[in-house]
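The structure under discussion appears below in the form of C-alpha cells.
The values are calculated or read from the model by the stated rules, or taken from the named source; none is laboratory data. Every value quoted in this text rests on a predicted model; they were computed, and no experiment measured them. Note that each Cβ is placed from the backbone with ideal geometry, even for glycine, and that neighbours are counted across all protein chains shown. The protein model used for the area step is the full one, side chains on, heavy atoms only, and it has no ligands, DNA or RNA in it. Shrake-Rupley method; radii C 1.70, N 1.55, O 1.52, S 1.80 Å.
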Amino acid sequence: MNKSIPPHGTEKVIISRKKFSDLIFENLTFVFALMILGIVLWIIYEMYFYSGESRSAFGWEFIWSNEWEPVRKEFGALAFVYGTAVSSILALIIALPLSLGVAIFLSELAPKIIKSTLSFVIEILAAIPSIIFGFWGIFVLAPFMRSDLQPFLQKYFGYLPFFQGTPLGTGLLTAGIILAIMIIPIITAISRDVLKAIPQSQREAAYALGATKWEAIKMALLNAKSGILGATVLGFGRAVGETMAVTMVIGNRADINISFFEPAYTMASVIANEFAEASEILHLSSLIEVGLLLFGVTFLINSFARLLIFSVTRNAEGR
Amino acid sequence: MKVILDTELKFEEHQKLKGKDSSKFAITTTDLSVHFGLKAAIKKINLKIRRNTVTSIIGPSGCGKSTLLRSLNLMHELTPRTKVTGTIKILDKDITEYDVINLRNKVGMVFQKPNPFPKMSIYENVISGYKLSGKNPSESFDDIVERCLIHSALWDEVKDRLNKPAISLSGGQQQRLCIARTIAINPEIILMDEPTSALDPLSTMKIEKLIHDFKNDYTIIIVTHNMQQAARVSDFTAFMFIGDLVEFDKTKKLFTVPTVKLTEEYITGKFG
Ligand SMILES: Nc1ncnc2c1ncn2[C@@H]1O[C@H](COP(=O)(O)OP(=O)(O)OP(=O)(O)O)[C@@H](O)[C@H]1O
Ligand SMILES: [Mg+2]
C-alpha cells in the first residue's frame, strides 16, 4: 500500500489526510458496531442480574414446573414454554406450505406484473402492526373459529385429542393461525430470495435433461433446502417472540392442555400482562427470568437461521 | 451468402462402409430464424447435419452460435419474448411433433460452465436425468453410472468416491461429469456450447478425445471459439457471422480452401 506514495511533499499530505478521515470514519463505525453488541450484552446482564431472586429460589425447577401462582409465591414457567412452543409450531405447520407455495410461484412461475403486485402485498402484510392483527383476531378470526372452524374440526377430526373440548374461539389454535399469518411474509420473502439465488444454469441443466417444470422446481428446492430451512427457523423465531397479537387471542391461562381449543399462555404474553402489576420482588424476578428464557431461545433460533441462510447465499455467489 | 452443404459422394461411401444409414440427416434446419423481441439473433439458417458426425460452429462473439444451438433442443422456450421461425427436423421428424421432454432426451446438451447439481453426489449426478423425472431405466443405476463414467473418462478418477458431492470435483472433472450425465439418458445428438472454454488445456484435451470417441454413437454439434479445436475434433464446420450462416463445409476444406472471403478473413485472424 505504501509503495505507491510519491516522493513529492504535497501529494503525501493529500494521501495522509484522506487516510486520516478514513480512519475516523472506520473507527466511528466500529464504535457504533461495538455499541450494539454492548447493548445486547447489557440487556443480558441486566436480565440475569434481576432474575437472581427467582433463580436462587427455584433453580432449574423454574423451567420444569407449571405452577404459576403469584399469590402463593409459586413460580414455574413450563406452561408458558408449552404455550409458546405449541402456538409457534402450529403457526409453522400452517405457514410453511403456504409460504413455500407462494415463494415458488413468485420465483419460478409468476408473470412479471403479478410478481410485483404480490410481492408488494406481502411486504404490506409484513408491515402491519401486530396490534392490528390482534384486533382482527378478536373481532373476526375468533368468532369465525367459534362458529365455523372449530365445530368443523371437531366434527371430522374430533377423535383426535387436539380437537376436543369447548370451541371458545380463542385459544392455542387461534393464536397459531394469527401467528401463521404474521410469519408468512418472512418465510415467503426469504425463500423467494434463496430460490432466486439459484443460478439459471442449474435450471437449464435440469431442463436440458428433459425435466418438466415441476421437476426443475424440485431440483431448485433441493438446492435451496438449507436456505429455506433458515427462512423457516427465522419465521419460527418471530412466532416465538410475538407478543401483542398472541396475548389478545390465546386466552391467557397458565395451563397445559393437549387440546388446541383450550386457552393457553405464552412467555411473551405473561410478561406483557403481569409486569406492570407485579409488586412482589419474587414475582418480578420470575417474570424477568421468563424474559431471559425467551431471549435465550430466540437468540439461539435466530443465530441458527442466519447461519443456514448465510451458507446458502455464500455458495450461490461462488458460482 | 448461405451455402447448403452438397453431399459429397466420398463421405457417403465412407459412411456406408461403416454400415450406417447415411441417407439420414440427424438435423435439418430450413430458414431457421430466432428473434429476441424484435432483434434477429439468427437469420434463415439452412443446415443439414449428418448422423454420427461432429460439426463445429465457429464465428465471432454474438454471431448467434449459442442461439442456433439452443433452438435445436427448444431451450428458447424458457426465454420469454423469443420467436423461432422456420423448420427444424430432428432425426427425420419435425421438431414440433416431439414432446419437449422426449426431444430433450434425444438431444442432450453440455453447457459452457460445468453445472453439476451441487446437492447431489457424483453418483446421483450421473443418473440425475432419471432422478428428476422418476423414470426407471432398463439398466440398473449402478450399471449406468459405471458405463457413463467410463465413457466420459472419469471412472478411474472417481470410482472410489462416488458418494462424494459433485462440487468436490475439479472444473474439468465436473464437465466430464456433466457429459456423463448427458449420455446417461441415451441421447442421439449432443449439443455442446463451448464445453472447454472454462477448462485447462489438459482437461480440454481429455474432452476433445471424448468427442472423437463419441462419434460412433452420437451426432455432435460443438460451438467453439478455438479454431484449432474445431479443426481437431470436427468433420464439418459452420462459420457464422452476425446471425448468418456464411459457410458450411467439411472442416478440412473450410480451413484450407474456404469459398467465402469472410471465412478466410476470419480463420486467418483478420478479425474476430
Ligand atoms: N435472451 C436473450 N435476449 C435478448 N437477446 C439475446 C438473448 N440471448 C442472446 N441474445 C442476443 O442474440 C445475439 C446472439 O447471441 P448468442 O448468445 O447466440 O451469441 P454467440 O455466438 O453464442 O456469442 P458468444 O460467442 O459470445 O457466446 C447477441 O447479439 C445477443 O445479444
Ligand atoms: Mg455463446
### Summary
Of B:Val84, B:Val34, the only residue that is within 24 Å of B:Thr224 (Cβ to Cβ), open to solvent by 60 Å² or more (accessible area, probe 1.4 Å) and modelled with pLDDT of 90 or more is B:Val84
### Message
Of everything in segment A:68-87, what is farther than 16 Å from A:Gly296 by Cα and either assigned to a helix (DSSP H, G or I) or over 27 Å from the mean Cα position of the chain (by Cα) (or both)? Give them in sequence order.
### Response
A:Glu69, A:Pro70, A:Val71, A:Arg72, A:Lys73, A:Glu74, A:Ala79, A:Gly83, A:Val86, A:Ser87
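Could you say whether any residue in segment A:271-280 is in contact (Cβ under 8 Å) with a residue 12 or more places away in the chain, more than 14 Å from chain B (Cβ to nearest Cβ) and in contact with a Lys or Arg (Cβ under 8 Å, 6 or more places away or on another chain)?
Restricting attention to segment A:271-280, the residues satisfying the condition of being in contact (Cβ under 8 Å) with a residue 12 or more places away in the chain are A:271-275, A:278, A:280.
Of the ones still in play, those that are also more than 14 Å from chain B (Cβ to nearest Cβ) are A:271-275, A:278, A:280.
Those left that are additionally in contact with a Lys or Arg (Cβ under 8 Å, 6 or more places away or on another chain): A:280.
Checked against the condition, which is being in contact (Cβ under 8 Å) with a residue 12 or more places away in the chain, more than 14 Å from chain B (Cβ to nearest Cβ) and in contact with a Lys or Arg (Cβ under 8 Å, 6 or more places away or on another chain), segment A:271-280 yields at least one hit.
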### Task
Go through (1) within 16 Å of ligand 1 (Cβ to nearest atom); (2) open to solvent by less than 10 Å² (accessible area, probe 1.4 Å); (3) in contact with a Lys or Arg (Cβ under 7 Å, 6 or more places away or on another chain); (4) among the aliphatic types (A, V, I, L, M) one by one and return the number of the condition B:Ile189 breaks.
(1)
### Task
Would you please name the residue that is nearest to ligand 2 (Cβ to nearest atom), looking only at residues in segment B:160-198 that are part of a loop (DSSP other than H, G, I, E, B) and small (Gly, Ala, Ser)?
B:Ser197
### Message
Quick check on segment B:236-249. Is at least one of its residues in a loop (DSSP other than H, G, I, E, B) and over 19 Å from B:Cys148 (Cβ atoms)?
### Response
yes
## Note on the structure
A:Val246 meets each of (1) surrounded by fewer than 24 Cβ atoms within 10 Å (Cβ to Cβ); (2) more than 14 Å from chain B (Cβ to nearest Cβ); (3) in a helix (DSSP H, G or I) with one exception, condition (1)
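With the condition kept exactly as written, say whether any residue in segment B:137-159 is assigned to a strand (DSSP E or B) and more than 16 Å from ligand 1 (Cβ to nearest atom). Quick ask: steps written out before the conclusion?
If we filter segment B:137-159 for residues that are assigned to a strand (DSSP E or B), which is where we start, we get none.
Looking through segment B:137-159, none of the residues is assigned to a strand (DSSP E or B) and more than 16 Å from ligand 1 (Cβ to nearest atom).
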### Message
Going residue by residue through segment B:15-26, is there one that turns out to be within 16 Å of ligand 1 (Cβ to nearest atom), surrounded by 12 or more Cβ atoms within 10 Å (Cβ to Cβ) and either at pLDDT 90 or above or within 19 Å of the chain's Cα centre (by Cα) (or both)?
### Response
no
### Matching residues in segment A:148-179 - criterion: being on the phi > 0 side of the Ramachandran plot and crowded, with 20+ Cβ neighbours inside 10 Å
A:Gly169, A:Gly171
### Query
Here is a list of conditions, (1) on the phi > 0 side of the Ramachandran plot; (2) open to solvent by 60 Å² or more (accessible area, probe 1.4 Å), and A:Glu61 meets all of them except one; can you say which number that is?
(1)
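Suppose we filter B:Arg51, B:Arg104, B:Arg70 for residues that are more than 16 Å from ligand 1 (Cβ to nearest atom) and open to solvent by 40 Å² or more (accessible area, probe 1.4 Å); which single one remains?
On the way: B:Arg104 fails: open to solvent by 40 Å² or more (accessible area, probe 1.4 Å); B:Arg70 fails: more than 16 Å from ligand 1 (Cβ to nearest atom).
None of the other options fit; the residue is B:Arg51.
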#### Entry: Residues satisfying the stated conditions in segment A:192-206, i.e. buried (at least 24 other Cβ atoms within 10 Å of the Cβ) and within 11 Å of A:Glu108 (Cβ to Cβ)
A:Arg192
### Query
Does B:Val233 meet the test of being crowded, with 17+ Cβ neighbours inside 10 Å and in contact with a His (Cβ under 7 Å, 6 or more places away or on another chain)?
yes
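Restricting attention to segment B:54-63, and to residues there that are open to solvent by 10 Å² or more (accessible area, probe 1.4 Å) and of a type outside the set (S, T, N, Q), which single residue is nearest to ligand 1 (Cβ to nearest atom)? I'd like the intermediate steps shown before the answer.
Filtering segment B:54-63 down to residues open to solvent by 10 Å² or more (accessible area, probe 1.4 Å) leaves B:60-62.
After this cut, where a residue has to be of a type outside the set (S, T, N, Q) as well, the list is B:60, B:62.
Details: B:Pro60: 7, B:Gly62: 4 Å.
Within segment B:54-63, the match that is nearest to ligand 1 (Cβ to nearest atom) is B:Gly62.
Yes or no: segment B:115-135 includes at least one residue that is within 16 Å of ligand 1 (Cβ to nearest atom) and either surrounded by fewer than 19 Cβ atoms within 10 Å (Cβ to Cβ) or not hydrophobic (A, V, I, L, M, F, W, C) (or both).
yes
Here is a check on your reading of the model: is A:Met182 touching a Pro at 6+ places or on another chain (Cβ under 8 Å) and either modelled with pLDDT of 95 or more or open to solvent by less than 70 Å² (accessible area, probe 1.4 Å) (or both)? Spell out how you get there, then give the answer.
Values: touching a Pro at 6+ places or on another chain (Cβ under 8 Å): no; either modelled with pLDDT of 95 or more or open to solvent by less than 70 Å² (accessible area, probe 1.4 Å) (or both): yes.
So A:Met182 does not fit the description; no.
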### Message
Give all pairs with beta carbons closer than 7 Å in which a residue from segment B:77-90 that is touching a residue at least 24 places away in the same chain (Cβ under 8 Å) meets a residue that is open to solvent by 50 Å² or more (accessible area, probe 1.4 Å) and within 16 Å of ligand 2 (Cβ to nearest atom); count only pairs at least 6 apart in sequence or on separate chains.
### Response
B:Arg81/B:Phe36; B:Thr82/B:Phe36
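I need the strands (runs of 3 or more DSSP E) fully contained in segment B:38-128, keeping only those with at least 3 residues that are closer than 25 Å to B:Leu199 by Cα. Step through it out loud before you land on a result.
On the way: elements: B:39-50, B:54-58, B:82-90, B:107-110.
Here the list reads B:54-58, B:107-110.
Is it the case that some residue within segment B:44-63 is within 14 Å of chain A (Cβ to nearest Cβ), touching a residue at least 24 places away in the same chain (Cβ under 8 Å) and closer than 21 Å to B:Thr28 by Cβ? Walk me through how you get there before you give the answer.
Filtering segment B:44-63 for residues within 14 Å of chain A (Cβ to nearest Cβ) gives none.
No, because not a single residue in segment B:44-63 is within 14 Å of chain A (Cβ to nearest Cβ), touching a residue at least 24 places away in the same chain (Cβ under 8 Å) and closer than 21 Å to B:Thr28 by Cβ.
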